[in-house]
Amino acid sequence: MQSSLERGTESSVSNGGEPPRVDVLVVGSGASGVNAAYPLVEAGFQVRMLDVGTRDDSYEALIPARSFQEIRHTDPNQHRYLLGDRFDGIPFGPVGAGAQLTPPRQFVCRDTNDLTPVVSDGFTPVESLALGGLASAWGAGCPPFADSDFAGFPISASVLQAHYEAVAQRIGISGARDDLLPFLGDLQAMQPPAAVDSNAQSLLRQYERVRPRLNRSGFHLGRPRLALLTREHRGRGPTQYWDMDFWADKDRAVYRPRWTVEELCTSSHFEYRASRFVEAFAESGDDIIVRARNLNGGEAEVHRARTLILAAGTFGTTRIVLRSLGLYGRRVPFVCNPHTYAAMLNLRMLGQRPEDRRHSLAQLCVVHAPRGTAGPTTVGHIYSYRSLLTFRLAKETRLPLRDSLGALRLLLPALTLLILQHADEPSPKKYCVLVRGQGPEPDRLELHYERSLEERQAADRVEREVVAQFRRLRCLCLQRSYPGDAASVHYAGTLPMTETEQELTTDPSGRLRGTRSVYVADGSAFPRLPSRGHTFTMMANANRVGCLISERLRG
Amino acid sequence: MTDPLETESLAISQYLLAVRPGRDLVQRYRDANAELCPEQPAWQDRAMLDFVRRHPRSLPLFDAASGVLRPHSLLRRKILVMMAILETTPQFAAHFDTENAGRLQVLAKLGAYGLRSVVTTVAGLLMYAIVIGTRHRVLRE
C-alpha cells in the first residue's frame, strides 16, 4: 500500500513536460478530496490528485506500537516525540486553535505560513497542506447532520443518506443505537461502539439513574459516533486501546484520509501527485486548465482535465477561486463553529482507580435539545484527560507547581472535559478578502470574524443550561473557557450552495456558478454550520459530488 | 564555576520530585532553555532567577508568588520545562501517574496541598516584595 503511494509521488517528480489530460483533477487529499475522488475512480474515470502532501518525516518511526502507559514507563526516547525535538510540545501561550496538535501531528500545518499566509486581528485558522489534510489530526467525531441542521441548505438529509452510508462503509464508523439515535440517525454500516473508560462508565451509570428528569430538560447522553474501528475493516484496526490517538496511528483504527489515498493508489485509474501547490484554474474550450507550482524546484506546471474538483480546505479553495476569477479585494463570507471547553470534576470518580485500557478520543456525546428532535440542538463531546501529559494541565493552574502536580495526580481520574460546539451563521462581520501579494510575496487572505452580542449571549445561555444538567450527573464545573474564534477548526461558507444564481456560490450539485466544470467538494459549499462537527457530512457531500460528476461524465 | 542552568535544573527537580536528574536530563534542560527561554529576560525575572540560584530553597516561595502575580514568568516557564522533561523520562514516570487513594484520603490530601499552597503563597509574596523591591530600588538608583 505504502509503496503505491510512494510510486505515485516519485513518478510525478520525474515526469517531464505537460502531463496527459485526465478526466478529473482533484485538488487536495483531505477528507473531502479523497471521498470525492473515490466514486470517480470506482466508475473507471482517470483521476489525478494534486496535493502539497507534507508528511511527518521526524517522529512516526520513533513511536512504538505500545500503550501510552507502557511507553511512559519504558521508552527512553519518548521525550523526542512527546515534547518534540525543538520542544514545541511545551506550549506556553494560551490554549487556542490547534492546541491538540502534538509534535507528531504538527506536520499537518507545516508550510502554511509561507504558502497560504493569513492576516487577521484575532482569527487564526489552522490550515493544512498535508497528505490527508486537517483530518490527519482529526478527533474522528462523526455525528451526521439532523434534518433541522440542513436549514439554509438546498439539499436535505434524505439526499445525503445513501452517501453517509457509502462513506461509513468506506472509512469505518463505530457507535451505538442508544438514547442519541433520534438525534444522530442510524447507519447500517455502523460497527459496535468502542469501550468507554471508567470516568465515562461512571457518568453513564449516573445518567441511567436520573435519565427521565434529564430527558425532560432536553439533555441526552450516549456513545459518540467515531471514525474509530472496533472491528477489522479493509485491512485496518481494530483499536488496540493504546490511548495514543493524539500521537500516532499505529493500529490504523482511527480514519485518516491517507488510508483512502493508499487504497486509491492501487488503482490504475488514480494518480497522486505530491509537492504540487495549485494556484489557479481557467476554462478553455472543453478543458479545465490548472496552474500549479512544483515545490520540488519551483517550476510552473499545467494540468488539463475535463472536470476540476476543489477540495483544498475552505480557505484554500477560496484562495484558488478568488485568484482564478481575479476577485482580489472582494468580501466573501465564512463561518466557524464557536467552541467552548468546560473542565468538570466527576465527583463520583474521586478516589476511584481509573481504567487504563482506553482510547483517547471522545468517550461520550451529549445532545442538548430543549425543543426535541425537530428544533435546533447543541452537541458536545466528553473527554477524559489522560494522554496529553500532566505538565500541560499544571500550566493552566495558578497553584505552586509542586502542589498542582500533587493535586492533579489525585484529580485526573475524575477530570472531565466537555467540548461544546455552537452553530454559526454568516453575517456581515464574518468575511475574508484575498489581497494580492507584492512582487514574489504570495497572496494573503485577510480574515475578519466578529460574533454579535446576541450570538455570544445565546451560546452562554446554552452552556449554562448544559453545565446545570451536568450537576445532576454529579459533575462540578471548574472552569468554562473560550479558546478563541478559530479553535474548532471547522471553517465553511465561503462559496455557499444556494438555489438562486449568484456569483461566488455553488449550485446544489456543487458546481461553482459561472463555470462549466469546476466543482467544490469541501466545507466552502456549506452555507452555515450547525452545532455539530461537519466532517462526516462534508465527506458524504463530497461523495455525492463525485457521484454526480460521474453521471455527468458518462453523458 | 557551576553552570547556572545546571543549578536551576537540580533545584527544580529537587523541588518538584525530590530527585536528582542525570547529566542527560540536565543537557536536555539546557537545550530546552535555548529553544524556549528568552536570552534577555525582564528585570523581575532576572532578579528572581539570580536569587533562586543563590538560594535554591527559596524556589517554592517564588513559584507560589509567581503563580498569583506573574503566572507566565520565566521562573514558572523553567519549572514547567523541567517538569515536562521529568514527566517524559521513564525513570520518573511513576511520579506523574494517577495516585490511587480512597475518597477520604483524596480529600485530606487535597486539603493538605491547599493549605501548603496558601502558606507558601503568603510567604512567597512577602519574599517577592522584598527581593523585587530591593532590585527595583537598585535599578532606580
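Pairwise alpha-carbon distances in region B:4-140 exceed 21 Å for 47% of all pairs. Mean partner shielding of peptide A:403-416, defined as the number of other chain Cβ atoms within 10 Å of each residue Cβ, is 6. All Cα-Cα distances of region A:364-449, cut into 5 Å bins from zero to the largest, leave 3, 10, 12, 11, 9, 10, 12, 13, 11, 7, 2, 0 percent in each bin in turn.
Entry note, region A:84-196: relative contact order of 18 percent, from Cα contacts under 8 Å with a spacing of 6+ residues.
With Cα atoms defining each centre, region A:182-213 and region A:30-99 are spaced 29 Å apart in the structure. Please report, in debye to the nearest 20, how large the charge dipole of the protein assembly as shown is about its Cα centre when each Lys and Arg carries +1 at its beta carbon and each Asp and Glu carries -1 there. That gives the protein assembly as shown a dipole magnitude of about 2260 debye. Shielding value for A:73-80 is 4, the average number of Cβ atoms from other chains within 10 Å of each residue's Cβ. Per residue of peptide A:382-395, the mean number of Cβ atoms on other chains within 10 Å of the residue Cβ is 3. With the helix formula -39500 (n - 2.57) applied to DSSP H stretches of n ≥ 4, the protein assembly as shown reaches a computed 222 nm mean residue ellipticity of -12000 deg cm²/dmol. Within the protein assembly as shown, antiparallel bridges make up roughly 70 percent of the DSSP beta bridges whose residues both belong there.
With the convex hull of the Cα atoms taken as the outline of region A:194-267, the averaged projected area works out to 6.7 nm².
For region A:83-149, the ratio of Cα radius of gyration to the globular rule of thumb 2.2 N^0.38 Å stands at 1.32.
Sorting the segments A:393-401, B:67-75 by their residues' average number of neighbouring beta-carbon atoms within 10 angstrom, most packed first, yields A:393-401, B:67-75.
Between region A:419-460 and region A:337-376, the alpha-carbon centres lie 28 Å apart.
Eigen-decomposition of the gyration tensor built on the alpha-carbon atoms of region A:429-527 gives equivalent ellipsoid semi-axes of 37, 20, 12 angstrom, largest listed first.
Computed with the Debye formula from one identical point scatterer per Cα of region A:238-344, without solvent, the log10 of I(q)/I(0) at q = 0.15, 0.18, 0.21 Å⁻¹ comes to -0.94, -1.10, -1.21. Computed packing ranks the peptides A:187-199, B:124-136 as A:187-199, B:124-136, most packed first, by mean other Cβ atoms within 10 Å.
Computed over region B:1-96, relative contact order equals 34 percent, with contacts defined as Cα pairs under 8 Å that lie 6+ residues apart.
Solvent-free Debye calculation, one equal scatterer per alpha-carbon of the protein assembly as shown: log10 I(q)/I(0) at 0.05 Å⁻¹ equals -0.25. Contact order for chain A, expressed relative to its length and based on alpha carbon pairs under 8 Å spaced 6+ residues apart, stands at 24 percent. Cβ crowding within 10 Å ranks A:K250, A:K430, B:K78 as A:K250, A:K430, B:K78, fewest other Cβ atoms first.
Modelled this way, with points 7 Å down the Cα-to-C-beta line, the labels at A:S120 and A:E60 are 2.8 nm from one another. When the alpha carbon gyration tensor of region A:288-395 is reduced to an equivalent ellipsoid, its three semi-axes come out at 45, 23, 14 angstrom, largest first.
Laboratory data are not the source of any read-out in this text; all were calculated from the coordinates shown. Because the structure is predicted, anything quoted here is derived from the model rather than measured. In this analysis, Cβ positions are derived from the backbone assuming ideal geometry, glycine residues included, and neighbour counts consider all displayed protein chains.
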